[in-house]
Structures are given as C-alpha cells and as structure tokens.
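Visitor: I'd like to ask some things about the structure below.
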Amino acid sequence: MRLPAIIAALLVPAAAGAHDFAFTDVRLELRADRTWVADVRCDVDALALGVSSTADSAALAAEIEGLSPAHRDALVARLASLLERRIRVRFDGEPVPFDMSLPERGAARKPGELPTALGLVVRLTGRVPDGAGEVTFFASRAFAPVRLVLVRPGEAPGPVEVVTSGAESRPVALAGERAAVTAVETLSRFTALGVTHILPYGLDHVLFVVGLALLSPRLGPLLAQVTAFTLAHTLTLALSSYGVVSLPSASSSP
C-alpha cells in the first residue's frame, strides 16, 4: 500500500451513524468575577445512557426523546451525578464543586448533522476558591483524550494541551506568566496517547499490521509499509490534536 492510500484510509470515518469523537474538547474559562465555566464537548446522549459513543446516534436520541419528561429529568440528574465522579476541576490540588447544564439540549440541528436529544456540550460552572494559585482539569477514562484550552481573564485562549485519557492536565497559574511545556513532557504525553490509541482502542490498526505480515513474504517491504503507516498516522493525529486540520468524523452524516 502506498503512502497516499494509507493517509486516505486513515481519514475514513469510523461509523457513519455515530457521534464518535476522537478527542474530548474542553474550553475552561476563568472569569474576572472569580467564577469558571468549562464547556465539555462529547456525546452527551451516549454518556447519559451509559453506552459507547460508537452507538447509533439516531437510536440513542429516539430512546431519550421517548422517555416521559420526569424520566428525562431523572436521566439528566444521573448524568450530573456521573460527571461529579468522573470530572475534576482542581485549584491548588483540591477539587471544587460545580453545577451542570446542557446548553444544546433541544436545539435544532443543522442539515446533515446527526440527531441528539441532549446536545453535544456539557457546561460546568463553579467558583474559584479565594487565594487559589493554579488550576488543573481531569477527566476519567470514560472520556476520549482531552484537548484542553484554558482562558484566563483578559487574555486570548491559551495553547491547546492534549491530555491522555484518564490523566490530569498540567497546572496553569491563575495569574502571571504561564509555565512553558518542556519537550520531555510533550514527548511523554504523545507517547502515552499513541500507546493507548493502539491498545486498547486501536485493535483495527493491530489487525492491519498483522494482515501486512501475513501477506508480505519479505521483511524489507513489510517494514517500509508499517513505517509509512505509522508516520502517516502520527502526522494526522498530531495535526488533528492541535486543530491544524479537522479530520472527518462520524458526528455528521455522509
């Protein structure tokens, strides 16, 4: 398989009928009135029902919309309780309580977009403790790797930090100069991201390489093909992580 074909294969959506996010996009804004707001973009319907985000989005939306108003409210209440256990916004290492809302709940979808009953954004709001010096964000392994953007009062949005699934972001000072990310820290984060992307979430990649090994009688061409696949995949993953390119996803219908 030649390199252009490999890159093209990597850009194919995983499932045409599902909101299947490769990343959980989080925008954490610290406000001048000592409050904070975090918009977490994910498959809220799947999260509320406790199923995989690869499940059919239309079926999930129909299931939620078919509930009585009281049962829908109970589902949202359980979602809020779940998020309290699986997301942490910590100031100086201490988690703070937050309220949850669903700003896209019931909103009309654009033509071509897959249906959703609860929307694709969870909004968390809370207060910054007095005297706090730094903040971190944590999401459990129930979420895809996090692309975190932190906004401080009066400043433009900060650089994107990619946080591996189940890990905590690096501390960011609430005021003053932001600490620079070291090359070693960046390398370790992307190494961990790459490993988890293959195992356990990328068994299709493993099967692809196994298929190459079975079909290739010589070691040299096999190594060349695997190297090309790895480089192409690393490039597209890195560019997608930092928003340089936007890969097609299953969050909209073909």
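Where a number appears in this text, it was derived from the coordinates with a stated rule and is not lab data. Computed from a predicted structure; not experimentally measured. So basically every Cβ, Gly included, is an ideal-geometry build from the backbone, and we count neighbours across all protein chains shown.
Visitor: So how do LEU60, LEU79 line up by other beta-carbon neighbours within 10 Å, fewest first?
Guide: By the 10 Å Cβ count, ascending: LEU79, LEU60.
Visitor: Net charge around VAL96, counting only other residues with Cβ within less than 12 Å of its Cβ (Lys, Arg = +1; Asp, Glu = -1)?
Guide: So the environment of VAL96 carries a net charge of -1.
Visitor: What Kirkwood Rh does region 24-180 have if only Cα atoms enter the pairwise 1/r average? Answer in Å.
Guide: After inverting the mean inverse Cα-Cα distance, the result is 16.5 Å.
Visitor: Could you list the square roots of 5 times each eigenvalue of the Cα gyration tensor of region 63-109, that is, the equivalent ellipsoid semi-axes, sorted largest first and rounded to whole Å?
Guide: 27, 13, 7
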